[in-house]
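Presented below is the structure to which this report refers.
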Amino acid sequence: MKHSHYHHIPLLILAVAVIAVAGSLYVYMFYATAASVDRANVARAVVLREKADQSQEKSLVVAASTTESDRSRLASFFVPADNVVSFITALESLGPESGSSVSIASISSDSLSVAAHIDAHGSWLSVMRALSLAERMPYAVSISNVRMDESGTGAGSKSHAWSLSMDIKALILQ
């Protein structure tokens, strides 16, 4: 009696089909899981970035609230673009406030700054007071080219006259 091995072929085909389906499902699940992990990593990065942004925002809010008075005062250090005359008036007031004779020899202005050349004449004390007042003007100024000269008022006189010459510059707030 011959025994036929052909009755195992349907079982072999079924086994190969099951292995192919299982392999396909494994590959699909592998790539689906990898895609889910990538999406989770992207979402995690977004959350971490948002937390960092919120933390930075909180620190900026704290910095803004603690510097509010300084920031409101900051504009007063600059000459307003629409009111350069206030700077010129402040320069002219140096004379009466210091007790010296102050004159503005020249003045120039551009879109960023206003500059003047000042001459002051008087006693040592009054000329030094004019320089001190110029340094403490209500604007952030820079003083350069300062020159002091002494001259006697007459032959044999003990009183001396002093001359002060300086350039003063202030920034304009646009």
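Some observations on this one:
- Residue order, fewest to most beta carbons within 10 Å, for 160, 117, 7: 7, 160, 117
- Region 6-66: projected area of the alpha-carbon convex hull, averaged over directions, in nm²: 3.8
- Separation of alpha-carbon centers, region 103-149 and region 2-79, rounded to whole Å: 65
- Mean sequence separation of contacting Cα pairs (under 8 Å, at least six apart), scaled by the length of region 1-151, corresponds to a relative contact order of 15 percent.
- Here the spin labels are modelled as points 7 Å beyond Cα on the Cα-Cβ line, and at residue 62 and residue 9 they lie 8.1 nm apart.
- Counting beta carbons within 10 Å around each of 28, 139, 6 and listing the fewest first gives the order 6, 28, 139.
- Förster-model FRET efficiency, 25 Å R0, residue 18 and residue 38, C-beta, rounded to 0.05: 0.25
- For region 6-66, the Cβ-based charge dipole about the Cα centre amounts to some 80 debye (Lys, Arg positive; Asp, Glu negative; other atoms uncharged).
- Label selected from (i) 21.1; (ii) 11.6; (iii) 10.6, the criterion being mean projected area of the Cα convex hull in nm² as computed here: (i)
- For the chain, calculated [θ]222 nm from helices alone, where every DSSP H run of n ≥ 4 adds -39500 (n - 2.57): -17500 deg cm²/dmol
- The long axis of helix 124-135 is offset from the longest Cα principal axis of the chain by roughly 20 degrees.
- Taking every DSSP beta bridge that has both ends in the chain, the antiparallel portion is near 95%.
- Neighbour counting of Cβ atoms within 10 Å sorts the residues 173, 11, fewest neighbours leading, into 11, 173.
Since every read-out is calculated from the coordinates, none of them should be taken as a lab result. A quick note: this is a predicted structure, and the numbers were derived from the prediction, not measured. Reconstructed Cβ throughout: ideal geometry from the backbone, glycine too, with neighbour counts over all protein chains shown.
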